[in-house]
Amino acid sequence: MTEELERIEAEALRTIGDAPSLKELDEADIAYLGRKAGKLTGLLRNIGSLSPDQKPLFGQALNEAKARVEAALTDRKALLADAERSARELAET
């Protein structure tokens, strides 16, 4: 399960880094962190199948991965918002 977590996190970070617009960034947010169908959220549902000694370790790794993805989303959102604002300002002048 740890390999799957690492694969999904890497995929999420790549998708976020490649997102060309805020709309696509929001779609990535939903795809990886969404409550119902988020890929990382889905891993949380499977934690019950782990042995009691693995649950805390995997839970911690999952929370850390989610935090890194959330931070990447925040950073990329700020970057894209600034770029869109600058483009609008240039268009107005």
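The values are calculated or read from the model by the stated rules, or taken from the named source; none is laboratory data. What you see is a predicted model, and the numbers here were worked out from it, not measured in a lab. For neighbour counting, all protein chains shown are included, and Cβ atoms are generated from backbone atoms with ideal geometry for every residue, glycine included. We work out accessible area using only protein heavy atoms, side chains counted, and drop any ligands, DNA or RNA first. Shrake-Rupley method; radii C 1.70, N 1.55, O 1.52, S 1.80 Å.
Under a GNM of the chain (C-alpha, springs under 10 Å), which listed residue has the highest mean-square fluctuation: GLY59, GLY48, GLY17?
Result for the chain, Cα springs under 10 Å: GLY48 fluctuates most.
Please give the charge dipole size of the chain, origin at the Cα centre, charges +1 on K and R Cβ atoms and -1 on D and E Cβ atoms. Round to the nearest 20 debye. If you can, show how the numbers build up before the last one.
On the way: 14 positive and 18 negative charges, 75 e Å.
The dipole magnitude comes to about 360 debye.
In nm, what is the difference between 0.36 nm times the number of residues separating LEU57 and ASP18 and their Cα-Cα distance?
Working: separation 39, 0.36 × 39 = 14.04 nm, distance 3.02 nm.
That pair, LEU57 and ASP18, stretches by 11.0 nm at full extension.
Residue by residue through region 65-73, what is 3J(HN,Hα) from phi via Karplus (6.51 cos²θ - 1.76 cosθ + 1.60, θ = phi - 60°)? Round to whole Hz and write x for glycine and proline.
Whole-Hz 3J(HN,Hα) from phi for region 65-73: 5, 4, 5, 5, 5, 4, 5, 5, 4.
Using the Cα atoms of the chain, I'd like the radius of gyration and the largest Cα-Cα distance, Dmax, both in angstrom.
Just the Cα atoms of the chain yield Rg and Dmax of 16.2, 62 Å.
Using +1 at the C-beta of Lys and Arg and -1 at the C-beta of Asp and Glu, which of GLY59, PRO20, ALA87 has the Cα lying farthest in the positive direction of the dipole of the chain?
Selected residue: GLY59.
Taking the simple approach of a point 7 Å from Cα along Cα-to-Cβ for both ALA10 and ILE30, what is their distance in nm?
Computed distance between label sites ALA10 and ILE30 equals 2.8 nm.
Taking 7 Å along the Cα-to-C-beta vector as the label spot, tell me the GLU3-LEU79 distance in nanometres, rounded to one decimal.
About 3.0 nm, to one decimal.
When only the heavy atoms of the protein chains count and the probe is 1.4 Å, how do LEU79, LEU50 rank by accessible area, highest first? Before the final figure, lay out each step's value.
Values: LEU79 100, LEU50 30 Å².
Heavy-atom accessible area, descending, gives LEU79, LEU50.
Helix 22-33 versus the longest principal axis of the chain: what angle, 0 to 90°, nearest 10, using Cα atoms?
10
Less than 23 Å apart at the alpha-carbon level, and either on another chain or at least 8 residues along: which lysines does that give for LYS55?
Reachable lysines: LYS36, LYS39, LYS66.
Multiply the residue gap between ARG88 and ALA71 by 0.36 nm, knock off their C-alpha separation, and tell me the result in nm, one decimal place. Write down the numbers at each step before the final one.
Working: separation 17, 0.36 × 17 = 6.12 nm, distance 2.58 nm.
Fully extending the segment from ARG88 to ALA71 adds 3.5 nm.
What residue among ASP29, ASP18, ASP53 has the largest mean-square fluctuation in a Gaussian network model of the chain, using Cα springs under 10 Å?
Of ASP29, ASP18, ASP53, the Gaussian network model singles out ASP53 as fluctuating most.
Using helices alone, what [θ] at 222 nm do you get for the chain, with -39,500 (n - 2.57) per DSSP H run of 4 or more residues, divided over all residues and rounded to the nearest 500? Can you show the working numbers first?
Details: 4 runs with 74 residues, N = 93.
The per-residue figure over the chain is -27000 deg cm²/dmol.
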